[in-house]
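Q: Have a look at the structure that comes next, please.
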Amino acid sequence: MEHSPYQKNYPKKSWIIALVGTIICLSFASTEARRIHLTPEQQSQLASANSVLVRVLALTEKGPADYTPFLKTITTRLEELHYTVVTDAAKPHDIEFKVKCEERKTLTGTSATGGDVELADAPDRLWKGPACLLTYQLNHRDLEWKKEIRTSFSDATQAAQQAKVAKAGDYAMTQLNLRLAEYDFPILLSAEWGQVDRLLQLLEHPHTPKLRKVKILSVLSELHAEEALPKLTQLLESTDLQQETLNALAGAGIDSIPLLIDFFQTSTQSPMRAAAAKTLGTLAAKTGDPRTIPPLVHYVSTILPQLKTSEDIDFPLLTEVVWAIGKTRWESSLKPIGELQEKVWLIFDTSKEMAELREATSWTYKQLDLDGHVS
């Protein structure tokens, strides 16, 4: 069997190390993303779900509280994405969405690591103040999606006194409902259920606020949403959401690569080119597509002769390009990155920007020089 030059340049031992490292990284990423595996049948059920049974429990320190304000808020928010809300468990429904709001939060039993625990809206085991726990069930099975909203205060009694409200429980419930009204759980649920069409419809709606569009683009970047590419291509022509759209293209799959390359090569705005380079690096890591890296290496090779002082460096752009190049191996990357590493250390510069560029260059060179690891 004929071997490519790429294979000849690196001994078998290097390939074994790279393969093992890749397997470990992929395994870690998949286990961190979700603690429970979804079957194809469950994924299909979630993707087609429309009717949502909403169950709400509101508890103060003195007992059950009126849950109807929460129910009204949740219903309004879900209907914004055209879900049909059901409140009678006896009626047909596709999914059960549960919200438990407490004046003093009880233990949720979240694991120390894994899943979404590191995120800001994940259940916090140390929080004992007012909180609402958001979960859902499919066919009476908890699929381990948990989000938590909290008030800005941990002591409801003290906060109620400062606000001159007689009942701490009522004050806590009111504040939690306000948080629920601003927390974009419908977008998170639509993303969790793989319902990209609902997200795109809301993204296209003329009355959707810009901040909400930013949130939608953020979740699209984490999904396998190839069907979003046409809309993202249109948005890329917009001036106010370009960076967020470039990030979202990471979820649109390999079909977005030519668009990103063209944008990186033709854009005159350095921050936008940096965002395009970052997304190309993300796609390189996800897919290993060989088209992602050559344009970035060409950029480095082009500017190398001109790098004499710090004034010759576009730090945000070059740093992002270098990080991206290290996301996958391409045989022609090592030489220009090695030359760049020498240059950035020869230039006298103690700035934070130079320190970050040196860190990126060193890391990328190590990722590319597998022979150096073995020796």
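Q: Can you pull out the helices (runs of 4 or more DSSP H) entirely within the stretch 207-257 that have at least 2 residues that are touching a helix residue (DSSP H, G or I) at 6+ places or on another chain (Cβ under 7 Å) and over 23 Å from residue 291 (Cβ atoms)?
A: 210-220
Q: Please give the number of the condition residue 302 fails out of (1) polar (S, T, N, Q); (2) in contact with a Ser or Thr (Cβ under 7 Å, 6 or more places away or on another chain); (3) more than 30 Å from residue 183 (Cβ to Cβ).
A: Every listed condition holds for residue 302 apart from (2).
Q: For the stretch 130-184, give me each residue that is in contact (Cβ under 8 Å) with a residue 24 or more places away in the chain, touching a helix residue (DSSP H, G or I) at 6+ places or on another chain (Cβ under 7 Å) and of a type in the set (Val, Ile, Thr).
A: The answer is 149, 151.
This table checks each residue for (1) at pLDDT below 95; (2) among the basic types (Lys, Arg); (3) assigned to a strand (DSSP E or B); (4) touching a strand residue (DSSP E or B) at 6+ places or on another chain (Cβ under 8 Å).
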position	(1), (2), (3), (4)
30	yes, no, no, no
43	yes, no, no, no
46	no, no, no, yes
54	no, no, yes, yes
75	no, no, no, yes
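Q: I need a count of the residues in the stretch 301-329 that are over 26 Å from the mean Cα position of the chain (by Cα), surrounded by fewer than 21 Cβ atoms within 10 Å (Cβ to Cβ) and not charged (D, E, K, R).
A: Selection size over the stretch 301-329: 9.
Q: Going through the stretch 292-336 one residue at a time, which ones are among the acidic types (Asp, Glu) and under 16 Å from residue 358 (Cβ atoms)?
A: The answer is 312, 314, 320.
Q: Restricting to strands (runs of 3 or more DSSP E) lying wholly in the stretch 84-166: which have 3 or more residues that are at pLDDT below 95?
A: Values: elements: 84-86, 95-102, 131-138, 141-150.
In the stretch 84-166, the matching strands (runs of 3 or more DSSP E) lie at 141-150.
Q: Still on this structure, please answer the following. Give 280, 296 a once-over and let me know the one that is outside the structural domain of residue 347 (by TED's automatic domain parsing) and assigned to a helix (DSSP H, G or I).
A: Details: 296 fails: outside the structural domain of residue 347 (by TED's automatic domain parsing).
Going through 280, 296 in turn, just one is outside the structural domain of residue 347 (by TED's automatic domain parsing) and assigned to a helix (DSSP H, G or I): 280.
Q: How many residues does the stretch 268-300 contain that are surrounded by 16 or more Cβ atoms within 10 Å (Cβ to Cβ) and touching an Asp or Glu at 6+ places or on another chain (Cβ under 7 Å)?
A: 4
Q: Sticking with this structure for a sec: Being among the charged types (D, E, K, R) and more than 21 Å from residue 172 (Cβ to Cβ) is the filter here; which residues of the stretch 45-86 pass it?
A: At the first step, the residues of the stretch 45-86 found to be among the charged types (D, E, K, R) are 55, 61-62, 66, 72, 77, 79-80.
Correct list: 79, 80.
Q: Ok, one more. Do we find a residue being of a type in the set (S, T, N, Q), within 29 Å of residue 350 (Cα to Cα) and not in a loop (DSSP other than H, G, I, E, B) anywhere in the stretch 261-270?
A: Narrowing the stretch 261-270 to residues of a type in the set (S, T, N, Q): 265-270.
Pick out the ones that are also within 29 Å of residue 350 (Cα to Cα) and you get 268-270.
Pick out the ones that are also not in a loop (DSSP other than H, G, I, E, B) and you get 270.
So far as the stretch 261-270 goes, yes, one or more of its residues are of a type in the set (S, T, N, Q), within 29 Å of residue 350 (Cα to Cα) and not in a loop (DSSP other than H, G, I, E, B).
Q: Only residues in the stretch 78-101 that are within 21 Å of residue 203 (Cβ to Cβ) and outside the structural domain of residue 187 (by TED's automatic domain parsing) count as the first member; pair them with residues that are assigned to a strand (DSSP E or B) and not β-branched (Val, Ile, Thr), Cβ under 8 angstrom, at least 6 apart or cross-chain, and list the lot.
A: none
Q: Six or more apart or on different chains, Cβ under 6 Å: which pairs go from a residue in the stretch 352-369 that's buried (at least 18 other Cβ atoms within 10 Å of the Cβ) to one that's polar (S, T, N, Q)? Could you list them?
A: Partner pairs satisfying both residue conditions: 357/319; 360/319; 361/341; 365/341; 368/333.
The values are calculated or read from the model by the stated rules, or taken from the named source; none is laboratory data. Fair warning: this is a prediction, and the values are worked out from it, not measured in the lab. With ideal geometry, Cβ positions are generated from the backbone for all residues, glycine too; neighbour counts draw on all protein chains shown.
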